[in-house]
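I have placed the structure first, in the form of structure tokens, so that the comments after it can refer back to it.
The values are calculated or read from the model by the stated rules, or taken from the named source; none is laboratory data. What you see is a predicted model, and the numbers here were worked out from it, not measured in a lab. Cβ sites come from the backbone with ideal geometry, for glycine too, and all protein chains shown count toward neighbours. Please note that ligands, DNA and RNA were not included when accessible areas were found on the heavy atoms of the full protein model with its side chains. Shrake-Rupley method; radii C 1.70, N 1.55, O 1.52, S 1.80 Å.
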Amino acid sequence: MRIQFYLRFHTAFGQSLFIRTNRQPANEESGILPMKYINEEFWQAEAEVELNTKDTFIYSYFLKDKDGEIINEWGNDRIISAQKSPVTGIITVDVWNHAGEYENVFFTSPFQDILLKENAAKPKVKAPKLITHIFKIKAPLLKKNEVVCIMGSGEALGKWSTTNPALLVKEGNWWVARLDLSEEHLPLSYKYGVFNCKEEKFVHFENGNNRVLIAGAEENKIIIHHDGFIQLPNNTWKGAGVAIPVFSLRSKDSFGVGEFNDIKLLVDWAKKTHLKLVQILPVNDTTATKTWVDSYPYAGISAFALHPQYVNLETIAGKKHADILKPLKKKQKELNALAEVDYEQVMQVKMQVLKELYNLQHEECFESEDYKEFHEKNKHWLIPYAAFCYLRDKYGTPDFQLWQSDAVYDKKYVAKLFSVRSKNVKDVTFHFFVQYHLHLQLKEASDYAHKNGIILKGDIPIGIYRYSCDAWVNPDLYNMDMQAGAPPDDFAVKGQNWGFPTYNWKRMQEDGFAWWRQRFEQMSNYFDAFRIDHILGFFRIWSIPMHAVEGIMGHFVPAIPVRITEFHARNIWFDYHRYCKPFINDEIINQVFGQYAQRVKSEFVIANDFGSYDLEMAFQTQRQVEDFFAASERTEENELIRQGLFDLISNVILFDNENTQGDEFHFRISMEQTSSFQNLDWDTQQKLKDLYINYFFRRQDHYWQEEAMHKLPDLKSATNMLICGEDLGMVPHCVPDVMKQLGILSMEIQRMPKDINVEFFHPNDAPYLSVVTPSTHDMSTIRGWWEEDRARTQRFYNYVMGQWGNAPYFCEAWINRAILLQHLYSPAIWSIFQLQDILGIDEKIRRPNPNEERINVPAIPKYYWRYRMHLSLEELIKDKDFNEELKGYISLSGRG
């Protein structure tokens, strides 16, 4: 069969178009077909394809820019089936499917499989004996009993009659009409419309100008028109969701911490109140130190394994082994009564019981077909993970560099651990057992949500834990000599140092981002959507050297550095020691250290030849200082001096770009706030400020856009989950455009506007493809924020809420409710709220003290993540008055 492709697309000079196919056409070396430019409107290609009766030919287009960058259109749903004789050829007339078209959101799995699944009507349509044209159109937001119809100027199209239009039938993502236009005079005009099958009534035409059919089909050929999206208001669907970490859930059956089984109760409540989405934080195993420090959910020891704390012991034990749990009822009641999670106690009890259950059940478990299927599908990460956990326990540390002969991952050695002859096989396969049951319980919760019309949204951390299984197995995928973090902001004035190694993107790209693809596939077992934590890291990551402790010591990577010649060109006298070394004089020492200044001069600094001071060799890096004081007595004096030395070390203007022999530099962020800068003359300050602005806000933008486009399109095409990017912080100008191009939802937060000219973002100004929320887990809740800054709260009260007079000191329920309603009525596709902010609308049900509602404080590097609901899910479900009130707000806003 000969297929002729015509793509309606306008290209710029140097761009080329290609077709990617699932079958290699005759006389072609691969499944890639180059296209030929015809005119300003069309590109064309031809292929000879052999198709048997049940074969299908799937194709899509991609653009190659003059610099070699490849841009794929979205989707892979153009399908040509084998045709019956005498058809010998197909002509396709297509339009490019831009990934940023917001209609594409409705063809992601959460909408197709759950939220819009029941909408499509199924009209009975009889195809004509002769088919000359096939029309295909996408219409994602039809209402119940509605179908697409087609009308036009020809007899076969009813001469624009709306009484009995030709109806289309849903086939996959497309609405399809097969017509005989052999007797029609071309060109003819046509248009799609909406028809209600139940009422047998035409509803309305699509918007826009008439479509035009120019070419007729030659004998024994069929023309297929892929007409893109029907021109209707396709930005009318809106939903609301709730966000809460799994560990924060509380139920009468859990064991001191939220469990996967509790998600089902949360779904029951969400359904009652017309919420359509449940969002959770990462649920990966973080068991590294076996202390409360492991409560940090973004430091997973595996990007794939689930955390044992979320397992429900009673479900595993069943009736057969229920007696094991009876002695623990008192402990369960004690832990459930706590206001917060006691991570260490929970883990101690659960791991002990899991080992008992493993000894009783593992043989039967491992023989089951369901387990074997799980193991086969997940062995690529499951086997290394189990070995990692065993060796972590053997050596008493997750730092694999201290594992002697096991420091380097050895696949053959790991295989021996699982041999039946191995004396440690039970210790290792214990982790198989735990992960299998975690998988079953999370999958059951996910399936339950789907049956109730609720989607689950997960969270992908931007980094991996430095001492993780992933780093042990594939250290070349990461820059182990660097630390990822974030620059300073209002929440962490010294920046953030997450301690994670940064990604070696060049190495990851070599195998087509296989690790990321596996990660997405694993997530899709349970989740319908996910949030990319710190999506800015795909453009550039805040990279901190290993010798530094504070995030403020980092710079963006990649970044175009400042060359030494640029200082000369701006008539800036370049003094390496003055700009790149800490500036320390008597005034600064006295200001920073006060009464301890003399001790600092005698122990930590040394006078230099410039009338100032240098740091002693043993204290020239923050890591050296940290190690010194870690071994010293913890006193108020030592803490003040430690922090003061950190500040001295960061009191620089430039960071030397290593391996460039003093030729390239990066500006230290917040340069103007350093005393080093403030001690320069006015003229030098102005010239440095100009270069600083150029470095951070002008020269990098296109470069960072290219970096993102080398990664994100490939990663997005690897999954059909709905993707939301957490694009907060210091956002480059190119980020919104890239996210819009790729159809990735942005995140909009009222108190963190992206426009530097406004103090607050208003939910009314949100783009459709976005998630609006008043707070996140890294912030105080609405009520907590209200009490933090009286002056700022007053401005919000008067100018954003439109209220007169003085703002109430406390966030009364009506204020919380008004803010929630602002977000519900936003044009954004999703409004998602922390559970605490939802409960805040009711004086009777909310927690008395808002300061107990916060989940994380980013400014505290080792924070105990232990927030837990103050009431049980069972109590929440039973509160009819509150649930009816909330349901009413959601329904009236059009999100129900």
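Looking across the range 110-134 at every residue that is within 21 Å of residue 276 (Cβ to Cβ) and not in a loop (DSSP other than H, G, I, E, B), the one that is most open to solvent (accessible area, probe 1.4 Å) is identified as 113. Scanning the range 148-167 for residues that are in a strand (DSSP E or B) and either aliphatic (A, V, I, L, M) or more than 18 Å from residue 185 (Cα to Cα) (or both) yields a count of 6. Total residues in the range 457-483 satisfying the condition of being farther than 15 Å from residue 304 by Cβ and more than 17 Å from the chain's Cα centre (by Cα): the figure is 10. Under the condition of being open to solvent by 10 Å² or more (accessible area, probe 1.4 Å), assigned to a loop (DSSP other than H, G, I, E, B) and either more than 21 Å from residue 233 (Cβ to Cβ) or of a type in the set (D, E, K, R) (or both), the residues counted in the range 762-778 number 4. Mind checking which residues of the range 787-832 are in contact (Cβ under 8 Å) with a residue 40 or more places away in the chain, more than 28 Å from residue 101 (Cα to Cα) and in a loop (DSSP other than H, G, I, E, B)? Within the range 787-832, just 787 meets the criteria.
Of all residues in the range 690-729 being open to solvent by 60 Å² or more (accessible area, probe 1.4 Å) and over 21 Å from residue 102 (Cα atoms), which is farthest from the chain's Cα centre (by Cα)? Taking the candidates together, the pick is 690. Going through the range 548-564 one residue at a time, which ones are open to solvent by less than 10 Å² (accessible area, probe 1.4 Å) and touching a helix residue (DSSP H, G or I) at 6+ places or on another chain (Cβ under 7 Å)? 548, 562 - these are the residues of the range 548-564 that are open to solvent by less than 10 Å² (accessible area, probe 1.4 Å) and touching a helix residue (DSSP H, G or I) at 6+ places or on another chain (Cβ under 7 Å). Of all residues in the range 186-237, those being open to solvent by 40 Å² or more (accessible area, probe 1.4 Å), touching a residue at least 24 places away in the same chain (Cβ under 8 Å) and at positive phi number 1.
Pairing each residue of the range 125-145 that is closer than 17 Å to residue 197 by Cα with any residue that is assigned to a loop (DSSP other than H, G, I, E, B) and not polar (S, T, N, Q), provided the two are 6+ apart or on different chains, yields C-beta distances under 6 Å for 139/230; 141/237; 145/121; 145/197; 145/198.
Does residue 340 satisfy the condition of being part of a helix (DSSP H, G or I), farther than 19 Å from residue 285 by Cβ and within 31 Å of the chain's Cα centre (by Cα)? Judged against the criteria, residue 340 is not a match. So for the range 350-357 (the condition being open to solvent by less than 40 Å² (accessible area, probe 1.4 Å), under 29 Å from residue 864 (Cα atoms), assigned to a helix (DSSP H, G or I) and of a type outside the set (Lys, Arg)), does at least one residue qualify? Scanning the range 350-357, I find at least one residue that is open to solvent by less than 40 Å² (accessible area, probe 1.4 Å), under 29 Å from residue 864 (Cα atoms), assigned to a helix (DSSP H, G or I) and of a type outside the set (Lys, Arg), so the answer is yes. Of the residues contained in the range 653-667, none is found to be farther than 22 Å from residue 553 by Cα and either open to solvent by less than 10 Å² (accessible area, probe 1.4 Å) or not polar (S, T, N, Q) (or both). Residues in the range 388-418 that are buried (at least 16 other Cβ atoms within 10 Å of the Cβ) and within 29 Å of the chain's Cα centre (by Cα): 388, 389, 398, 400. Selection of helices (runs of 4 or more DSSP H) fully inside the range 393-506 by the criterion of at least 3 residues being without any contact (Cβ under 8 Å) to a residue 24 or more places away in the chain returns 411-417, 425-451. For the range 135-151, the set of residues classified as open to solvent by less than 10 Å² (accessible area, probe 1.4 Å) and touching a Pro at 6+ places or on another chain (Cβ under 9 Å) consists of 147, 149, 150, 151, listed by residue number. Considering the range 489-502, the residues that are touching a strand residue (DSSP E or B) at 6+ places or on another chain (Cβ under 9 Å) and surrounded by fewer than 21 Cβ atoms within 10 Å (Cβ to Cβ) include one that is nearest to residue 286 (Cα to Cα), namely 499. No other residue among 274, 321 is surrounded by fewer than 23 Cβ atoms within 10 Å (Cβ to Cβ) and farther than 23 Å from residue 353 by Cα apart from 274.
Where strands (runs of 3 or more DSSP E) fall entirely within the range 521-606, those with at least 2 residues that are closer than 16 Å to residue 695 by Cβ and under 40 Å from the mean Cα position of the chain (by Cα) are at 541-545, 555-557.
Checking each residue in the range 602-625 for being under 12 Å from residue 581 (Cα atoms), open to solvent by less than 30 Å² (accessible area, probe 1.4 Å) and not polar (S, T, N, Q) picks out only 615. For residue 853, the stated conditions hold: it is among the acidic types (Asp, Glu), buried (at least 23 other Cβ atoms within 10 Å of the Cβ) and farther than 18 Å from residue 768 by Cα.
Of the residues 290, 333, 326, the single one that is under 28 Å from residue 838 (Cα atoms), free of Cβ contacts under 8 Å to residues at least 60 places away in the same chain, surrounded by fewer than 18 Cβ atoms within 10 Å (Cβ to Cβ) and not β-branched (Val, Ile, Thr) is 333. Looking across the range 729-761, the residues that are closer than 19 Å to residue 559 by Cα and part of a loop (DSSP other than H, G, I, E, B) come down to 729, 730, 731, 732, 733.
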